[in-house]
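Peer 1: Handing you a structure now.
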Amino acid sequence: MKETAGNLKKGTYIIYRDSTWQVVKTNFSFHGRGMANVKIKLQDTRSNKNIEITLKSVQELELADISLVNMNYLYKDKDSLYFMDENYQQYLMPKENIGKFIYFLKDGEKYLVLVDNDKAINIRKPEKVTLLVTNSPDAVKGDTAMTAKKLVETQTGYSVLVPLFIKKGDSIAVNPETGEYLERKNS
């Protein structure tokens, strides 16, 4: 199926240069009496690499046949991640496909997995993930001269800077895109 560049929306999957890409952002530009151009920011679904392209708004692009499947994350080995769908079919995904999101994967957690031709290629990343603090140094009184933050370790092994009031056993929300602390969650 084809779609014109002018009708592409954020989140759409297309085939461009023999790869599957997700539309991250579109921006129209008009130049006098000429035809509108569309500046499109794309992210490769396999490598997470971003590119920007400019196309005429009437140029047609091939839509990718991507399905989103709810799957449980099972485990990882040296090179791969393993997921299982609701029909107990297991899918293998190369670790490098999800980039730094690997630090936020929790065993048994459900994720929306992008499937292309019966192959798991990536994960739809949530805007925030909730992690349990497993190691937190005690805050020292008067420790706020420079910044009121400390480094804690989470259940996945990821370390993040948090405010001093966070302690071991607290649940925190982290933005997986930036890796930054967002808020403390009620346990």
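The values are calculated or read from the model by the stated rules, or taken from the named source; none is laboratory data. The shown structure was predicted, so the numbers you read here are calculated from the model rather than taken from an experiment. Cβ placement follows ideal geometry from the backbone for every residue including glycine, while neighbour counts extend to all protein chains displayed.
Peer 1: Could you check segment 60-73 and list, in sequence order, the residues that are more than 15 Å from Asp116 (Cα to Cα) and loosely packed, with under 15 Cβ neighbours inside 10 Å?
Peer 2: Glu60
Peer 1: Do you know which of the residues in segment 17-37 that are in contact with a strand residue (DSSP E or B) (Cβ under 6 Å, 6 or more places away or on another chain) and either among the acidic types (Asp, Glu) or not in a strand (DSSP E or B) (or both) is nearest to Ile66 (Cα to Cα)?
Peer 2: Ala36
Peer 1: Here's something else I'd like to know. Go through segment 43-52 and count every residue that is β-branched (Val, Ile, Thr) and not in a strand (DSSP E or B).
Peer 2: Looking only at that region, the number is 1.
Peer 1: Which one of Ile14, Ile40 is in contact with a helix residue (DSSP H, G or I) (Cβ under 8 Å, 6 or more places away or on another chain), assigned to a strand (DSSP E or B) and not assigned by TED's automatic domain parsing to the domain that holds Val115?
Peer 2: Within the list Ile14, Ile40, the selection yields Ile40.
Peer 1: Does Ser187 qualify as being over 17 Å from Tyr103 (Cα atoms), within 27 Å of the chain's Cα centre (by Cα), surrounded by 13 or more Cβ atoms within 10 Å (Cβ to Cβ) and at pLDDT below 90?
Peer 2: no
Peer 1: Next up: Name the pairs whose Cβ atoms lie under 7 Å apart, with the first residue in segment 95-114 and closer than 21 Å to Ile66 by Cα, the second part of a helix (DSSP H, G or I), and 6 or more positions between them or separate chains?
Peer 2: Within 7 Å, the pairs are Lys95/Ile102.
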